[in-house]
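Below is one structure, written out as structure tokens; comments come after it.
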Amino acid sequence: MRALSVVIPNHNYGEFVGAAVTSALDVDWPSVEVVVVDDGSTDDSRAILRGFGDRITLIEQDNAGPRVACNRGFAASSGDAVIFLDSDDVLDPGIARAAAEVWHPGVSKVQVQMRRIDGTGAPHGRHFPNYRFTPTPEQIRTWMSETSAYPTPPGSGNVYAREFLDRIMPLDDVCGDATDSACLAAAPYLGDVVTVPLPLVGYRVHGRNRSALSPDPGRFTRQIERAQQRHRFARQVSGRQADPVAAVRELRRGRHLLQMRVAASRVSPGGSSIPSDNRRRMAWDSLVNLGAPGWESATHRLVVAAWCLATLAAPGPLARRLVSRRFS
């Protein structure tokens, strides 16, 4: 690992983007370039970004979405390691040195933990993902191929190898509008995913996060569709797209996706779900998945199964409260 590029797509996050850029500029590494793509902001974002002058590469474009912004930012960058930093998140100064310590030929990405912070930057809740142990790249590949999932932070918590990104970018809409969906799905199959169990990125929780689930019940169905997009792309990358029966089996083994399926069935009935899904099948999966492959503890598996079964069986108002409690 020689040079780090931090690519920051931004749209109307003027209250946060300055902190994101400053955190990137403060990373402790000899060679860091910061590329910011302002995606048609109508607030004060551009004025704030222009204030950084030649310390950053600023690209201004009409609103086209984060995927297009990341494609353009990546094309303008040059580092052999790349972080796609959400403009409401912040980097720890030590993230590059932590990644460099485990970097080796064949790495697709180094993933770290993220610490939740509130709108002011104060710590807010626990770190995530919760690694009970440090998984090996081989374990991550196995979990991904058998359950369509593995423990990973979202976009900002990953340091990607340019050599890996060159194989999948520029991204089209195969995984929707989010860059991290395709990158996270392909990484286990096109290299080693190396885990550093340290909180080296601040994930800001402020109510307008694109990944927030509780304010809008329809987001559960969108998350399910995104999971299926990721899975299709991952199977394509791995050369396993020809077996639709196995593909559905893998999706049914995903414990987080199971919770999305259960939540959607109770708060957004009739919305998108995996093929041939119904409440009886979800109840069966809740029990079978106690023994499915994965990184979760026995206690976590039991809690997930109990929540799923209770939510499926509960009357409508109670089911909605259980969903709200789980995802608030």
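Most exposed first by the Cβ proxy, i.e. fewest other Cβ within 10 Å, how do TYR203, TYR189 rank?
Listing TYR203, TYR189 from fewest to most nearby Cβ atoms yields TYR189, TYR203.
As I understand it, the dipole of the stretch 227-266 uses +1 on the Cβ of Lys and Arg and -1 on the Cβ of Asp and Glu, about the Cα centre. Which of LEU251, SER265, GLY239 lies farthest toward its positive end?
After comparing all options, I get SER265.
Helix-derived [θ] at 222 nm for the chain: sum -39500 (n - 2.57) over DSSP H runs of at least 4, divide by residue count, nearest 500?
-13000 deg cm²/dmol
Just add up the charged neighbours of ASN63: K/R +1, D/E -1, any other residue whose Cβ is under 10 Å from the Cβ of ASN63.
Neighbour charge sum, excluding ASN63 itself: -3.
For a test of the definition: using alpha carbon positions, the gyration tensor, and the 1.5 limit on a/c, classify the stretch 1-127 as rounded, prolate or oblate.
Judged from the Cα gyration tensor, the stretch 1-127 comes out oblate (a/c at least 1.5, b/c at or above a/b).
Among PHE52, PHE220, which comes first, then next, by fewest other beta-carbon atoms within 10 Å?
PHE52, PHE220
Quick one, which of (1) 19.3; (2) 21.5; (3) 16.0 is the actual mean projected area of the Cα convex hull in nm² calculated for this model?
Correct label is (3).
What ranking of THR311, THR22, THR152 emerges when the number of other C-beta atoms within 10 Å of each C-beta is taken as an exposure proxy, fewest first?
The order, fewest Cβ neighbours first, is THR22, THR152, THR311.
Would you look at the GNM of the chain, springs on alpha carbons closer than 10 Å, and say which of GLN61, GLN259, GLN113 moves the most?
GLN61
Readers should treat all values here as calculations from the given coordinates under stated rules, not as data from a laboratory. Computed from a predicted structure; not experimentally measured. Neighbour counts are summed over all protein chains in view; Cβ atoms, including those assigned to glycine, are modelled from backbone coordinates with ideal geometry.
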